[in-house]
Amino acid sequence: MGTNLSQVFISNTDVLESGTSFTGIASTPEVGIWDLDGNSGAGAYVNSALYDHTIAASSADSSAGDLVLASPLWIYRNLQFVQGTAGNPIASPLIKTADIKRITYDPHVDTVAHLSTCTPNATFTGVTGSVTIKIIFRAMPTDQLSFYDSAASNYTILSGSDQLPLGVFNTTNHKAIAVEVNEADFSSNTTFVTAAIAAIEANNLLNKCVTATGSTALAIQSKHVGLIFDVVITDGNGDDLIAAGAAANVITEAVTGYEAGVGNTWQVLGEEIRCRSRYGNFNRMYLPQNMATYTMATGNYDKITIEYAHNWPNSSGIAPAGALNQIVIYNTDTDGSAPTGTEGTVKDAFQYTIGTAVDYCW
């Protein structure tokens, strides 16, 4: 969302506004798409297809299938995107459809935390001395709520209730935190895993950053979105026990990489808060006002991104303006589950199949 005017609209229903007046209430805010001209000659909200992305093939052969267009044909000329609020609606500028350059639909995808699963052999052949488990943090959270969360919502915490401690940050290199398992504790894989879990939980910094679980395998998982780490396990000689060619192949590691996902509460609320300053105030529609929060605490949102050109000069100033503005619409069903299409009309307007990402370009 690094464009000039980045706006986020929240719809806690999969139904678009229709008619000529906005009726969406604050408890279930709705999004509307206003047709300035109106195909009927008068302005109205559109809850049907904005463009046609499928046309009949120009072939005399009756077996020829329809053509799916990468650049659909617009049905409307001037549109405005609006969200209802507890007060006045918030809105985008009036946009010529000829200026819309891209519309992307991304279905909801759950966030997946970084996970390292270390599976030791039943016996530790070839291991000398105590075993050191070193967790090296190499990526820190960059999301909005990890740095500003006035409501203390903790939506960026994937497990437990611990805020990310400042002690794991290092501005010059990666932060490494080590714990030790005594030689007497690795007589078997189960005793090693039990001792390793106890050591990690006893470390104040590690215990606030990761969870450690398991019986015959040690599963270390991040508690926070965007927190990525490496695990290094060495014996008393400094030999890496999980590296390729480690002595007696003592420990094998399987890594599940971090996936931010799409439309999770921490993402939607973070973008909503970050873009509040542009809610209707950019064009002096209203005096500045405090805004309610519309992201559902248990919402699983689909994401629609609209990028459009503007007529602001991008060749002047110390920091020249970019060429595009951006609108993001997050929508979910009224119960907070990801849309299925049985309820509403958002998919009809933007011409996509729910659950299948699509990208239209002009």
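The values are calculated or read from the model by the stated rules, or taken from the named source; none is laboratory data. Treat the numbers as computed from the prediction; the structure is a model and nothing was measured. Neighbour counts are summed over all protein chains in view; Cβ atoms, including those assigned to glycine, are modelled from backbone coordinates with ideal geometry.
Across the stretch 87-96, what is the total count of residues that are in a loop (DSSP other than H, G, I, E, B) and within 26 Å of the chain's Cα centre (by Cα)?
Keep residues of the stretch 87-96 that are in a loop (DSSP other than H, G, I, E, B), which gives 87-89, 92-94.
Going one step further and asking which of them are within 26 Å of the chain's Cα centre (by Cα), we end up with 89, 92-93.
So the answer is 3.
Considering only residues that are buried (at least 18 other Cβ atoms within 10 Å of the Cβ), of a type in the set (A, V, I, L, M) and modelled with pLDDT of 90 or more, which ones fall in the stretch 50-90?
Residues satisfying the conditions are Leu50, Leu79, Val82.
Kindly indicate which of Val250, Val268 is under 13 Å from Asp143 (Cα atoms) and either modelled with pLDDT under 60 or crowded, with 21+ Cβ neighbours inside 10 Å (or both).
Val268 is the lone residue from the list that is under 13 Å from Asp143 (Cα atoms) and either modelled with pLDDT under 60 or crowded, with 21+ Cβ neighbours inside 10 Å (or both).
Cβ-Cβ distance below 7 Å, separation of 6 or more or different chains: which pairs start in the stretch 169-193 with a residue that is over 17 Å from Asn204 (Cα atoms) and end on one that is basic (Lys, Arg)?
Pairs that qualify, where the first residue is over 17 Å from Asn204 (Cα atoms) and the partner is basic (Lys, Arg), are His174/Arg138.
Leu227: at pLDDT 90 or above and surrounded by 15 or more Cβ atoms within 10 Å (Cβ to Cβ), yes or no?
On the way: at pLDDT 90 or above: yes; surrounded by 15 or more Cβ atoms within 10 Å (Cβ to Cβ): yes.
Yes.
Out of (1) of a type in the set (A, V, I, L, M); (2) assigned to a helix (DSSP H, G or I); (3) out of contact with any Cys (no Cβ under 9 Å at 6 or more places or on another chain), the odd one out for Ala151 is which?
Looking at each condition in turn, Ala151 falls short on (2).
What tally of residues in the stretch 183-235 results from selecting those that are among the aromatic types (Phe, Trp, Tyr) and assigned to a helix (DSSP H, G or I)?
We begin by selecting, within the stretch 183-235, every residue among the aromatic types (Phe, Trp, Tyr); these are 186, 192, 229.
Going one step further and asking which of them are assigned to a helix (DSSP H, G or I), we end up with 186, 192.
Number satisfying all stated conditions: 2.
Please go through (1) part of a loop (DSSP other than H, G, I, E, B); (2) at pLDDT 80 or above; (3) aromatic (Phe, Trp, Tyr) for Tyr330 and return the number of the only condition it doesn't satisfy.
Against the list (1) part of a loop (DSSP other than H, G, I, E, B); (2) at pLDDT 80 or above; (3) aromatic (Phe, Trp, Tyr), Tyr330 comes up short only on (1).
When both residues are 6+ apart or on different chains and their Cβ atoms are under 6 Å apart, which pairs have a first residue that lies in the stretch 350-362 and is on the phi < 0 side of the Ramachandran plot, and a second that is in a loop (DSSP other than H, G, I, E, B)?
Ile354/Pro339; Ile354/Gly341; Val358/Tyr352
Answer yes or no as to whether Thr191 is within 26 Å of the chain's Cα centre (by Cα) and β-branched (Val, Ile, Thr).
Numbers: within 26 Å of the chain's Cα centre (by Cα): no; β-branched (Val, Ile, Thr): yes.
When the stated conditions are applied, Thr191 does not pass them.
Could you please let me know if Thr132 is modelled with pLDDT of 90 or more, among the polar types (S, T, N, Q) and either crowded, with 17+ Cβ neighbours inside 10 Å or assigned to a loop (DSSP other than H, G, I, E, B) (or both)?
On the way: modelled with pLDDT of 90 or more: yes; among the polar types (S, T, N, Q): yes; either crowded, with 17+ Cβ neighbours inside 10 Å or assigned to a loop (DSSP other than H, G, I, E, B) (or both): yes.
Yes.
Take Thr119 and decide whether it is outside the structural domain of Tyr294 (by TED's automatic domain parsing), assigned to a strand (DSSP E or B) and over 20 Å from Ala349 (Cα atoms).
Working: outside the structural domain of Tyr294 (by TED's automatic domain parsing): yes; assigned to a strand (DSSP E or B): yes; over 20 Å from Ala349 (Cα atoms): yes.
Yes, satisfied.
Looking only at the stretch 110-120, decide whether some residue is surrounded by fewer than 15 Cβ atoms within 10 Å (Cβ to Cβ) and either under 22 Å from the mean Cα position of the chain (by Cα) or at positive phi (or both).
Looking only at the stretch 110-120, we keep the residues that are surrounded by fewer than 15 Cβ atoms within 10 Å (Cβ to Cβ), and these are 110.
When the remaining residues are screened for being either under 22 Å from the mean Cα position of the chain (by Cα) or at positive phi (or both), the result is 110.
Scanning the stretch 110-120 turns up at least one residue that is surrounded by fewer than 15 Cβ atoms within 10 Å (Cβ to Cβ) and either under 22 Å from the mean Cα position of the chain (by Cα) or at positive phi (or both).
Can you find a residue in the stretch 297-315 that is at pLDDT below 90, surrounded by 15 or more Cβ atoms within 10 Å (Cβ to Cβ) and among the polar types (S, T, N, Q)?
no
Is there a residue in the stretch 201-217 that is modelled with pLDDT of 90 or more, basic (Lys, Arg), closer than 22 Å to Asp162 by Cα and surrounded by fewer than 20 Cβ atoms within 10 Å (Cβ to Cβ)? Full working, then the answer.
Of all residues in the stretch 201-217, those modelled with pLDDT of 90 or more come to 201-217.
Filter again for basic (Lys, Arg), leaving 208.
This time we only want the ones that are closer than 22 Å to Asp162 by Cα, so: 208.
Cutting the leftovers down to surrounded by fewer than 20 Cβ atoms within 10 Å (Cβ to Cβ) gives us 208.
Within the stretch 201-217 (the criterion being modelled with pLDDT of 90 or more, basic (Lys, Arg), closer than 22 Å to Asp162 by Cα and surrounded by fewer than 20 Cβ atoms within 10 Å (Cβ to Cβ)), the answer is yes, since at least one residue qualifies.
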